[in-house]
Amino acid sequence: MKFIAKDLIKLNVDVADAVEAIKVAGQLLVRSGATDDSYVNAMVQSYEENGPYIVLAPGIALPHARPEDGVKEAAVSLVQLKEPITFGHTTNDPVRLVLALASSSSEEHLQLLQRLSGLMGDQDKVRQIIQATTPEDLQTLLEGLR
Amino acid sequence: MKILAVCGLGQGTSLILRMNVENVVKELELEADVEHTDVSSASGMPADYIITSAELAESLTGHEGTVVIVNNYFDTNEIKAALSEALHS
């Protein structure tokens, strides 16, 4: 299980639109070995089919696909966007953070979601993550959650 | 009482929602069975309440259960308020 480890973080990312933002977060999963390339496309496809509901909280998008779409290990990556991006959500736009979730069907998946839920439910922490300027800042914020 | 937590795929998002709904159910001291599923399966599943986002609620308008809309899936206070309101209306 890889929960926003150092190689799964990218800060101050400049993207043109929601799809590009999902792809950047997805590539982090691929590079860390958590998923195949196919998973990135599956996340984009899911966003295009099911719409912007993945913007689960104000400013936070959580793209994901199915375990069988190419997940090797449960993981979460984090992309902090340079400029807020519109995903099309009625109340939670614009998006500042994209957390790509590699879902697996294992027990690890549940643990991962619990950590993620704990982190995203803490609005002070979310605000600090949006404002973090270095990976080290972010590591400090995430300590105790891993 | 049966509550469904619904998202597009039935994988990550609805599971997060379900965990948060379960916490709320405990806090409100309700007797409820909470399950999670994807939006297309939900249409055919019996439930008293369906908790989901406004984006997905449109696909569930034909369901016999009461659809409860939540904007922030991580905000247990919002889930609690939305569910309480649905229970008392």
Q | Interchain or long-range residues, amide H under 5 Å from A:VAL13's placed H | A | A:GLN80, A:LEU81, A:LYS82
Q) Mean separation of Cα pairs under 8 Å and 6+ residues apart, divided by the residue count of the range A:11-146: what relative contact order is that in percent? A) 26
Q: Starting from the Cα gyration tensor of chain A, take the square roots of the eigenvalues, sort them a ≥ b ≥ c, and report rounded, prolate or oblate (rounded when a/c is under 1.5, otherwise prolate if a/b is larger than b/c, else oblate).
A: rounded
Q. When ranked by the protection proxy of mean other Cβ atoms within 10 Å per residue, highest first, what sequence do the peptides B:2-11, A:90-99 form?
A. B:2-11, A:90-99
Q | Modelled FRET efficiency - R0 41 Å, A:ILE130 with B:MET1, Cβ distances, 0.05 increments | A | 0.65
Q: Return the percentage of antiparallel bridges among DSSP beta bridges fully within the protein assembly as shown, rounded to the nearest 5 %.
A: 30
(Q) Tell me the angle of helix B:76-87 to the major Cα principal axis of chain B, expressed in degrees between 0 and 90 and rounded to the nearest ten. (A) 80
Q | Minimum 20 Å² accessible area buried by the other protein chains, the range B:66-89 residues, probe 1.4 Å, relative to alone | A | B:ASN71, B:ASN72, B:TYR73, B:PHE74
(Q) Counting only protein heavy atoms and a 1.4 Å probe, tell me what percentage of the protein assembly as shown's accessible area is made up of carbon and sulfur. (A) 44
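Shape verdict for the range A:54-138, please, from the Cα gyration tensor: rounded (a/c under 1.5), prolate (a/b greater than b/c) or oblate. Write out the running numbers ahead of the final one.
Values: a/c = 1.84, a/b = 1.43, b/c = 1.29.
Because a/c hits 1.5 or more and a/b exceeds b/c, the range A:54-138 counts as prolate.
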(Q) Quick check: the distance between the Cα centres of the range A:54-71 and the range A:19-48, to the nearest angstrom? (A) 10
Q) Calculated from DSSP H runs of 4 or more alone, at -39500 (n - 2.57) each and per residue, what is the 222 nm mean residue ellipticity of chain B, nearest 500? A) -11000 deg cm²/dmol
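Taking the Cβ of B:GLY10 as the center, what net charge do the other residues with Cβ under 14 Å away carry, scoring Lys and Arg +1 and Asp and Glu -1?
On the way: positive: A:ARG66, B:ARG18; negative: A:GLU49, A:GLU68, A:ASP69, B:GLU35, B:ASP38.
Here the count lands on -3.
To the nearest 0.05, what FRET efficiency results for B:THR61 and A:GLU107 with a Förster distance of 25 Å applied to their C-beta separation? It would help to have the intermediate numbers written out before the result.
Numbers: r = 36 Å, r/R0 = 1.43.
With R0 = 25 Å, the Cβ-Cβ based efficiency is 0.10.
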Q) Under a straight-distance cross-link criterion of Cα-Cα below 18 Å, which aspartates and glutamates are reachable from B:LYS26, leaving out those fewer than 8 residues away in the same chain? A) B:GLU35, B:ASP48, B:ASP75, B:GLU78, B:GLU85
Q: Please give the solvent-accessible surface of A:LEU29 in Å², to the nearest 10, using a probe radius of 1.4 Å with every protein chain present.
A: 0
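Filter the cross-link list A:LYS6/A:LYS82; A:LYS2/A:LYS23; A:LYS2/B:LYS80; A:LYS82/A:LYS125; A:LYS72/A:LYS125 down to pairs whose alpha-carbon distance in this structure exceeds 22 Å. It would help to have the intermediate numbers written out before the result.
Details: A:LYS6/A:LYS82 19 Å; A:LYS2/A:LYS23 18 Å; A:LYS2/B:LYS80 31 Å; A:LYS82/A:LYS125 18 Å; A:LYS72/A:LYS125 29 Å.
Check vs 22 Å cut-off fails for A:LYS2/B:LYS80; A:LYS72/A:LYS125.
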Q) Taking the simple approach of a point 7 Å from Cα along Cα-to-Cβ for both A:ASP36 and B:GLU85, what is their distance in nm? A) 4.5
Q.
Once R0 is set to 45 Å, what does the formula 1/(1 + (r/R0)^6) return for the Cβ-Cβ distance between B:LEU30 and A:ASP14, expressed as a FRET efficiency to the nearest 0.05?
A. 0.45
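Please compute the contact order of chain B in relative form: average sequence separation of alpha-carbon pairs under 8 Å and at least six residues apart, divided by the residue count, as a percent.
32 percent.
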Q | Separation of alpha-carbon centers, the range B:27-89 and the range A:73-138, rounded to whole Å | A | 23
(Q) Given points 7 Å out from each Cα along the Cα-Cβ axis, report the A:GLN114 to A:THR90 separation in nanometres with one decimal. (A) 3.4
Q. What does the average come to when, for each residue of peptide A:107-114, you count the partner chain Cβ atoms lying within 10 Å of its Cβ?
A. 2
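The values are calculated or read from the model by the stated rules, or taken from the named source; none is laboratory data. These figures come from a predicted structure and were not determined experimentally. Counting neighbours? That spans all protein chains shown, and the Cβs are built from the backbone with ideal geometry, glycine included. The protein model used for the area step is the full one, side chains on, heavy atoms only, and it has no ligands, DNA or RNA in it. Shrake-Rupley method; radii C 1.70, N 1.55, O 1.52, S 1.80 Å.
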